[in-house]
Amino acid sequence: MKRTAFLLAMLALTACGDSTGPADVAGVYTLRTVDGQQLPAVILGDEFTSGSLSLGSNGTFSFTFTLTPAGGLRETHLASGTFTVTDLALSFLITHVNGVALGAPGRMAGSYGDGTISITDAEGKVFVFGRS
């Protein structure tokens, strides 16, 4: 009974728009679109074929995507670091790219809603992920 009351109280708080934290969005998400195009998506000659976003309840993340540059070989890239959530807005601080620590961390912004996460990278590309 206490658990039911607690869950109802939490739902009421969520409905009121109170802050969301990393635990609320934690999970694995699959890349669905890049710049509005379903995968495989060709953006400026690069063909994006797959990707995933893993958000930890401890505020860590990893973002992986696979692409084939025009005339090149297939490449997989990984960015990782920490993230914060304020209401439904996400802020990502990228500390590592392909396993190498960055001298100056990069940043990405995103949003969360209905099991979907949208992230805009530094180049302006929009990646949309759905909960796996």
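Each value in this text was obtained by applying a stated rule to the coordinates, not by laboratory testing. None of these values were measured; they are calculated from a predicted model. Glycine also receives a Cβ, built like all others from the backbone with ideal geometry; neighbour counts cover every protein chain displayed.
Things worth noting here:
- GluC sites (Glu not before Pro) within the range 31-132: DSSP coil, no more than 13 neighbouring Cβ in 10 Å: Glu123
- Cβ charges +1 (Lys, Arg) and -1 (Asp, Glu), total dipole of the range 19-131, debye: 160 debye
- Derived scalar couplings ³J(HN,Hα) [the range 43-48; Karplus, 6.51 cos²θ - 1.76 cosθ + 1.60; whole Hz; x for Gly, Pro]: 10, 6, x, 8, 9, 7
- With a cut-off of 16 Å on the backbone N, the residues of the range 57-94 near the modelled label site 7 Å out from Ser118 along Cα-Cβ are 88-91.
- The range 19-131, relative contact order [Cα under 8 Å, separation at least 6], %: 24 percent
- Those residues of the range 64-82 whose amide nitrogen sits under 11 Å from the label point placed on Ser54, 7 Å along Cα→Cβ: 64
- Taking each residue as 0.36 nm, the span from Thr84 to Ala70 lengthens on full extension beyond its C-alpha to C-alpha distance by 1.6 nm.
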